[in-house]
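Okay, structure first, notes after.
Every number in this text was worked out from the coordinates using simple rules, so none of it is lab data. No experiment lies behind these values; they were computed from the predicted model shown. Here Cβ is always computed from backbone atoms with ideal geometry, including for glycine, and neighbour counts include all displayed protein chains.
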Amino acid sequence: DGWREVARSRVFPRLGGLISSIESAYSNLLGVIPEAYGRSMEFWSVDVEVVFVVYVGVGCGAGWATDYCDRYAVLLGLENIAELGWCGVDDLMGLVLHELSHVVHAYLRGISCKKLEELEGDPLFLLYSEGFATRCEHLILGRESWRIASDGSWIRWCRGNIGFLAREYLRRVDEGRPVNDFYGSWLNIEGRSQTGYFLGHEFIRYLEKGRNIREIAVMDFDEVVTYARRFLLEVAFKNVGRKI
C-alpha cells in the first residue's frame, strides 16, 4: 500500500494547485508528441509503432517507457510534469525524446521495454540505459539541454564532483545497496537530484570514444557491466578530492 500513502500524502494535496500547469502541459504535448516522434524516428532511420498514454497519475513519473497492450509505449504523467515545471514546449520535447530513446533502445536490442526494465535491475546496466537515453535526447536536440537540473549550479556541481559521484555509485553497487537516490526528482545525493542521469551520460560519452551510438545501443549485457565498472573506477580515481 506504499503507493496509496504517497498519493494521499504527496500527490493529492498538491493536485488542485497544479491544474493550470497540467492543462498547459497537456495542450503543449498535443504538438510536441508528433514532432518528437518524427525527429526520433528520423534520427534512427527506423519506424517503430509507439502508443502514447497521457494521464494524471499518483506520482509514478513524468515519463515512462514501457509496454501497453503488448506494444511499445510512452506514459506521460501530467501531475509529475506539472510538479517539475516541465510544461513548456522545450522541456516537454526533451522529456518525450528521452522516453522515445528508451523505446528505440529496446527496439534495437530486439526486446520489449519491460525486458529492458528487467535488465535495469542491475545498477550498472541502469547507469548505461539512463545515460543512453539522456545522451540520445541531447544528440537529437543538437545540444545538451539538462532540463533535469534543479538549479543553475546543478551541471557545474555535477562536473566538479564527478569523482565523488562515481565513487558513491560504485560503493553502493559493491555493497548491494540501492542506487535510487541517483534517479528521480524526489530523491537526492548531497542535495542534488537526478545525478545518475549526468553520470550515465558521461559513461556513454566515454563509450563513444571507441564506438558509434548505434553500436553502443546493442552492447552485450556483460560487456555493458564490465565497461560501466571500468568507467566508474577510472573516473573515481582520476578525480579524487573533496566535494565542492
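Points to keep in mind about this one:
- In the chain, the DSSP beta bridges split such that about 60 percent are antiparallel, to the nearest 5.
- Antiparallel %, DSSP beta bridges [both residues in the stretch 1-115], to 5: 55
- The gain in end-to-end length when the Val89 to Asp222 segment is fully stretched comes to 44.1 nm, 0.36 nm per residue minus the alpha carbon separation.
- Amide H within-cut-off set for Val53, under 5 Å, with H built and near neighbours excluded: Val74, Leu75, Leu76
- Derived scalar couplings between HN and Hα for the stretch 3-9 equal 5, 5, 5, 4, 4, 5, 8 Hz in order, rounded to whole Hz, by the Karplus curve 6.51 cos²θ - 1.76 cosθ + 1.60 (θ = phi - 60°), x for Gly and Pro.
- Bridgeable aspartates and glutamates around Lys238 (alpha carbons under 17 Å apart, same-chain partners fewer than 8 residues away excluded): Glu168, Glu202.
- From helices alone, the chain scores -18500 deg cm²/dmol at 222 nm; the rule is -39500 (n - 2.57) for each run of n ≥ 4 DSSP H residues, then divide by the residue total.
- Each of His201, His98 was scored by other Cβ atoms within 10 Å of its Cβ. Listed from fewest to most, they are His201, His98.
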